[in-house]
Each structure stands twice: as structure tokens, then as C-alpha cells.
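Here is the structure we will look at, set down as C-alpha cells.
The values are calculated or read from the model by the stated rules, or taken from the named source; none is laboratory data. Quick caveat, the model's predicted, so the values are computed rather than measured. Glycine gets a Cβ as well: all are built from the backbone with ideal geometry, and neighbour counts include every protein chain shown. Ligands, DNA and RNA are stripped out before the accessible areas are found, and what is left, the full protein with its side chains, is counted by its heavy atoms. Shrake-Rupley method; radii C 1.70, N 1.55, O 1.52, S 1.80 Å.
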Amino acid sequence: MENDWNMRTKLVHGGTRRSGYGEVSEAIFLTQGFVYDSAEAAEARFLEAGPDEFIYARYGNPTVAMFEERIAALEGAEDAFATASGMAAVSGALMSMLRAGDHVVAARALFGSCLYVLEEVLTRYGVEVSFVDGTDLDQWRAAVRADTKAVFFETIANPTLEVIDLSAVAEIAHAVGATVIVDNVFATPVFSDAIAQGADVVVYSATKHIDGQGRTLGGVILGTRAFIRKTVEPYMKHTGGSMSPFTAWVMLKGLETIDLRVRAQASGALALAEALQAHPKLVRVIYPGHDSHAQNALVKRLMGQGGTVIALDLADGQRAAFRFLNALKIVLISNNLGDAKSIATHPATTTHQRLPDEQKAALGITPGLVRLSVGIEAPEDLVADVLQALAAA
Ligand SMILES: *Cc1c(COP(=O)(O)O)cnc(C)c1O
């Protein structure tokens, strides 16, 4: 029956493990351990735990299992492993499957911490990493070799919202048997069809749209049952990056409303992109879901819609960007994204502050660039707020 449900039904009921009390809202099992009926039962469970048998919260927990089942259904993946943060998911997916001597190809436009893991951590353990411009398929073809073990990229890059052709890169990678790992935060689990399009492993920072209300840090690794249980789980459960039951409960409740929230956020983002076209104070309005985006056709093919984030480039550079940010009344200045509250970020002086100027320029992070994560407020209020702040800039 569960398999026939529509997505919005699965997001409310999928994976539910109801206790003997018959609670309506999912229980938080705040317990580190579990009691065995006998010494023999403990021995048997350590030998092989059944699907609803738990040993220790670092290995698994009923609330965490509910979250894993529900997000796996949303992504269309066989299985999922929940992690303590998005970075625990990124580093866990990579570290669990790679060994010294392996070769990885990654897109250069990455979230700063992802870049650190690939550039500083993996290489320290003898993994060779080649970086490419992810939007240039010829660079992928040139970099992927017979001994390439994995490719890694963000389907939509932060903060300039360039889109990578997932199915084309997957074809190049699969020709040499490499595993395709995508960090899919900007595509969101609602619009993602990454597994059908060729991703073998999908990771999310659940901190973003899955929580969606700015409360907890979390992450998830999704893939085949064999990859999740035989490769990821042993690494995660022994190295300590598992999700806490409390976080899993927050994320589980987030999944109930994620479809409603993300669709509302995407229509708000489109309304803003429309309202800001040809605004005299802007040199660029970047929204993957708008016709004006150079890769709009690719975005429509990959995810149908443009997601929840837009970027604005103010003609007068950093001074204008700061005046704009300081004049916003509804939109908050912060650095999270995917939240119910709209949030504006100045990447050049915050999230990407440490990059050398030439690297910022190469990634399109200009002094006037502002990233706007659109929340669930009324779109007309957001449009009015952004327009009055632009007037003040
Ligand atoms: C936020 C983010 C991460 C890291 O997630 P945390 O939950 O903060 O650890 C990784 N990748 C992308 C694309 C992100 O936006």
C-alpha cells in the first residue's frame, strides 16, 4: 500500500513506527541503548540486527530510522543513512568508499567545507583529486580516467546558481565505472530526480530545506541498500557522525511539510525574479527557474523548477549591496538557506570571504552579488521589501 501512495501522503505517513501507546505524532526515542530479553538475545542481535532491532544510538534508533525511510521514499532511493550535519554526510559518503591511490574528479564551484574535504582532507590520505569547471562537459571527459573511482559535484552551485548536466556527467563517469556522488541541496529533495538521472549517491544538508525552520543541523546520504548498509553504515557508525534522535524527530516533522514549503518558496523566488527583471540598479538577476537564465532548459529537464534561491548583482558593488541589505525589513541578513524565513547573504564578505579575489572573480562572486533564499512569506510582501531596499541602495 505504502508504495502506491502519492508523495505528499508518503511525507506525512511514510516510515512511521508507532509504539504501543498509539501516539499520533511520531515519538522521539531519546535513548542511547536498548534492553535485551536475555543474554542470548543480545548475542543474536550483535550477530545480526533485524530491521526493527536496535543496539546503540550511534548505530541506529527508531526515530532516526523513521526519518531515513521517509527521506529515502522522497528521493526514490533504496536506503538512507542520517548524519549529524550536511558535512558529516559529504565527508562520510566520500571517506567510506575511497582509499589511498584512488582518483576523484570534482567540480570546482563547491560549498567551502566541501572544497576543504576534497582539497585538504582526501589528498592527505593519498586520494588524487582533479577539479573541473562542472558546466563544461569537455573538461569532465578530459579529467575522468579509467581509474577514476568517483565524481563529486553540486547540481546547482552556490552562490552563482550554475547548473551541472547531471545525466551527461553520469554517462561520462559510468563509462569508466565511477560512482556519481551529488550534493543536491540547491535542487532540494522536492524537485530532485537525481537517482533516475544517473546519480548513484545523493547527499543533503538536512539543515536547509528538510528542517526548513532553522532549528537543527543534520544531513543524509542516500543510495542503494548495498552501498548504504555495507559501505556507509560501517564507516559512519564507527566514526561517530550519526544523527541524534532529537534531530531526527525535528527533520521527520520537517518532511511532513517540505513539499508545501518548497513549492511555496519556489513560487516566491519566481515572483521576485520576474519583478526584478531589468531593474536599473541590477546588472544581473540569477534564477535558474526563469527564462532569462542561460541554462533554463537544462533546469526544466533536470528538476522542472528553479528552486528557492535567487542571486542579485547590484551595479554599484559592495557599498550598494550593503545599503540594500541594511534597508531590508522582512528579509533577514544571515547565512542559512532553505528556511521558512527569507534570508539574504553577501557571499564575498561572508561565506566566500576567505577565497582570493581572482578565485571569487572566476566563480562570479562579484562585490555586488547578494544571495537571497526565499522563504514562505507572501510573495507580494517580499517583492515590496526587496524593491524598497533597492530604492534605498
Ligand atoms: C549547507 C551546505 C552543506 C553543509 O551542510 P551543514 O548541515 O551545514 O553541515 C554542504 N553542501 C551544501 C551545498 C550546503 O549548502
Query raised in the report: Counting only the backbone N, which residues of region 221-238 are under 15 Å from the spot 7 Å out from the Cα of Glu48 toward its beta-carbon?
Result: 230
Query raised in the report: Which GluC sites (Glu not before Pro) from region 346-393 combine a DSSP loop assignment with at most 13 other Cβ atoms within 10 Å?
Result: none
Query - Label-point gap, in nm, between Lys300 and Val283 - each point 7 angstrom along Cα→Cβ - result: 2.9 nm
Query raised in the report: Ignoring ligands, DNA and RNA, what accessible area per residue does the chain give at 1.4 Å, in Å²?
Result: 43 Å²
Query raised in the report: Around Thr83, which amide H atoms from residues at least 5 apart in sequence, or from another chain, sit under 5 Å from its own amide H, with H modelled in the peptide plane?
Result: Gly219, Val220, Ile221, Met243
Query raised in the report: Where both partners of a DSSP beta bridge lie in region 99-193, what percent of those bridges are antiparallel, to the nearest 5?
Result: 5 percent
Query raised in the report: When you count, for each residue, the other Cβ atoms within 10 Å and take the mean per peptide, how do 284-291, 214-221 rank with the highest first?
Result: 214-221, 284-291
Requested in this report: Give me the distance in nm between label points sitting 7 Å out from Cα along the Cα-to-Cβ direction at Lys329 and Ser267, one decimal.
Outcome: 2.4 nm
Query raised in the report: What length, rounded to one decimal in nm, is gained on full extension from Tyr56 through to Arg17, with 0.36 nm per residue of separation minus their alpha-carbon distance?
Result: 12.3 nm
Report task. Whenever you get a sec, compute what percent of the accessible area on region 51-208 sits on carbon and sulfur atoms (1.4 Å probe). Result -> 48 percent
Report summary line: For region 2-254, the dipole about the Cα centre with charges only on Cβ (Lys and Arg +1, Asp and Glu -1), to the nearest 20 debye, works out at 440 debye
Query raised in the report: Using the per-residue mean of other Cβ atoms lying within 10 Å as a proxy for protection, in what order, highest first, do the peptides 253-260, 328-335 fall?
Result: 253-260, 328-335
Report task. Please list Phe324, Phe131 in order of solvent-accessible area, largest first, computed with a 1.4 Å probe with all protein chains present. Result -> Phe131, Phe324
Report task. Kindly report, to the nearest 10 Å², the accessible surface of Arg17 as traced by a 1.4 Å probe over protein heavy atoms only. Result -> 40 Å²
Query raised in the report: Taking amide H positions as placed 1.01 Å from N in the peptide plane, with prolines and chain starts having none, which residues 5 or more places from Phe29, or on another chain, fall under 5 Å of its amide H?
Result: Thr63
Report summary line: Summing -39500 (n - 2.57) over every DSSP H run of at least 4 in the chain, dividing by its residue total and rounding to the nearest 500, the 222 nm mean residue ellipticity is -11000 deg cm²/dmol
Query raised in the report: Where both residues lie in the chain, what percent of DSSP beta bridges are antiparallel, nearest 5?
Result: 55 percent
Report summary line: Given 265-274, 235-244, the highest-first ranking by average Cβ count within 10 Å works out to 265-274, 235-244
Report summary line: Among GluC sites (Glu not before Pro) in region 6-97, those in a DSSP loop whose Cβ has at most 10 other Cβ atoms within 10 Å are Glu23, Glu48
